[in-house]
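**Student:** Structure below; questions to follow.
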Amino acid sequence: MIISKLPQVGTTIFTRMSQLAVATGALNLSQGFPDFDGPQALREAVGRHIAAGHNQYAPMTGLPALREQVAAKIARSYGCSVDADSEVTITPGATQAIFCAIQALVNPGDEVIVFDPCYDSYEPSVELAGGRCVHVPLTLPGFAIDWQRLGDALSDRTRLVILNSPHNPSGALISAAELDRLATLIRERDIYLISDEVYEHLVFDGVGHASVLAHEELYQRAFVVSSFGKTYHVTGWKTGYVVAPPVLSAELRKVHQYVSFCGVTPLQWALADFMAEHPEHVEELPAFYQAKRDLFCDLLKDSRFTFVRAAGSYFQLVDYSSIRPDLDDLAMAEWLTREHGVAAIPVSVFYQQPPKDLRLVRLCFAKREETLAQAAEKLCAV
Ligand code: PMP
Ligand code: GLN
């Protein structure tokens, strides 16, 4: 008999809603991925490297050329220097990076602070390590850290805090001042951080991303995670990285080498080439995605949904209280998909205990202009 290690876990909401979108022919604004391709030069580089015979295992920690590009990008973006050899590890996706960091740090009985709504992979990863998540809800409507509740949630067993900025699903940002406050709160304690920054370059309205990489004190105890999938519009490549001080990177690599050993070789070569040749790509991303956010939000102005424009990420939350207050958000997401042809993600699934009367769904705006226009037309008719 199988004794499930994850008895509560079913199929993720992303898979379920994407399947429903396909089955019903709805526009899929649910699972987060672009409906356009990554840069042509990047895609062509993969073919070139496959043809050139770059098809065997990459080094366990990642291709040196790619690790150096990551370090160079970090220096340009955040003005801080990390060592490509001892602090950067390339992984098959950010999800795997987060999983490995959790396995490296969390021992049975340890507590891990997560902020609800939180990304769905964190809790199962903590449970597989024998730890327990302590859920601290973000305050509504702005999805900010509740410092009182965070302080109350810390205990002698707290081993890890997982941050996510820009935040999925709300797009909210953690500010540099909040990082300072967190540093003060955990200074005297043996607590580590995972900072999930996969949307690091999707920050709008001229606000800079406050990376934990740029926070000298917090970085000393942090794993900072990012994803090439988000930054280069290639989510299906499942290629990401972790940056952490040498001692933490060494522990992470002990796990990573037995979970997957290394990332996919030709993809790493292609990313290294593209990053070297097109450093402007990341600089152009905020404006690229802000234009999509603004187009979508402008088109939704005449709808009955209400919303505050997302500060970051490629997700827009919309409140449907004035449309179908009778439906919970899962029912609403299904109704929108089946009856109005637009698939969305309910927000309550990101909570341990969703707030009563939560009437929010998440829409992904990483889509071509035509898709956004078609979706907005359907949503305005709701
Ligand atoms: N963290 C967050 C907050 C995400 O939204 C995603 C996107 N799937 C990931 C991690 C995982 O990224 P990857 O696809 O590189 O595993
Ligand atoms: N991160 C994506 C989202 O939030 C989903 C990735 C996945 O399907 N696991 O929609």
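**Student:** Work out, in µm²/s and without decimals, the Stokes-Einstein translational diffusion coefficient of the stretch 27-146 at 4 °C, 1.567 mPa s, Rh from Kirkwood over C-alpha pairs.
**Tutor:** Answer, rounded: 72 µm²/s.
**Student:** Can I ask one more? Mind grabbing the base-10 log of I(q)/I(0) for the stretch 1-98 at q = 0.16 Å⁻¹? Debye formula, identical points on the C-alpha positions, no solvent, two decimal places.
**Tutor:** For the stretch 1-98, the Cα-only Debye profile gives -1.03.
**Student:** Further question: If R₀ is 25 angstrom, what is the calculated FRET efficiency for the pair residue 156 and residue 86, using the beta carbon separation as r and rounding to 0.05? Please report the intermediate quantities before stating the final value.
**Tutor:** Numbers: r = 31 Å, r/R0 = 1.24.
E(calc), rounded to 0.05, equals 0.20.
**Student:** Shifting gears a bit: Helix-only estimate, please: 222 nm mean residue ellipticity of the chain, summing -39500 (n - 2.57) across DSSP H runs of length 4 or more and dividing by its residues, to the nearest 500. The partial results should precede the final answer.
**Tutor:** Numbers: 15 runs with 160 residues, N = 382.
That comes out to -12500 deg cm²/dmol.
**Student:** Taking just the C-alpha trace of the chain, give me its Rg and Dmax in Å.
**Tutor:** Looking at the chain, its Cα Rg and Dmax stand at 20.4, 59 Å.
**Student:** Here is a further query. In percent, how large is the relative contact order of the chain, given Cα pairs closer than 8 Å and 6 or more residues apart? Write out the running numbers ahead of the final one.
**Tutor:** Values: 738 pairs, mean separation 95.9, N = 382.
Averaging sequence separation for qualifying contacts and normalising by length gives 25 percent for the chain.
**Student:** Test of understanding: ordering 33, 315 by Cβ neighbours within 10 Å, fewest first, what list do you get? Don't skip to the end; give the middle numbers.
**Tutor:** Values: 33 19, 315 24.
Lowest to highest Cβ neighbour count: 33, 315.
**Student:** Could you tell me what a quarter of the Cα convex hull surface of the stretch 275-382 works out to, in nm² with one decimal place? Walk me through the numbers before you get to the answer.
**Tutor:** Numbers: hull surface 31.8 nm².
Mean orientational projected area (the stretch 275-382, Cα hull): 7.9 nm².
**Student:** Still on this structure: May I ask you to sort 167, 54, 233 by Cβ crowding, counting other Cβ atoms within 10 Å and putting the fewest first? Display every interim value, and only then the final one.
**Tutor:** Values: 167 26, 54 17, 233 21.
By the 10 Å Cβ count, ascending: 54, 233, 167.
**Student:** Further, regarding this structure: Taking only C-alpha pairs under 8 Å that are 6+ residues apart, what is the relative contact order of the stretch 175-257 in percent?
**Tutor:** Working: 96 pairs, mean separation 21.6, N = 83.
Normalised by residue count, the contact order of the stretch 175-257 is 26 percent.
**Student:** May I pose another question? Where the Cα atoms of the stretch 91-211 are projected onto their three principal axes, how long is each span, largest first, in whole Å?
**Tutor:** Principal axes ranked by extent give 43, 35, 24 Å for the Cα atoms.
**Student:** Just to be sure I understand the curve: with the Debye formula and one point per C-alpha of the stretch 302-345, what is log10 I(q)/I(0) at q = 0.16, 0.21 Å⁻¹?
**Tutor:** Cα-only, vacuum Debye calculation for the stretch 302-345: -0.45, -0.75.
**Student:** Applying the Karplus parametrisation 6.51 cos²θ - 1.76 cosθ + 1.60 with θ = phi - 60° to the phi angles of the stretch 307-319, what ³J(HN,Hα) value in whole Hz is obtained for each residue in order, glycine and proline being reported as x?
**Tutor:** Values, residue by residue: 6, 10, 4, 4, 7, x, 6, 10, 10, 10, 7, 10, 9 Hz.
We did not get these values from a lab; they are worked out from the coordinates using the rules stated. Everything numeric in this text was worked out from a predicted model, so none of it was measured. Neighbour counts are summed over all protein chains in view; Cβ atoms, including those assigned to glycine, are modelled from backbone coordinates with ideal geometry.
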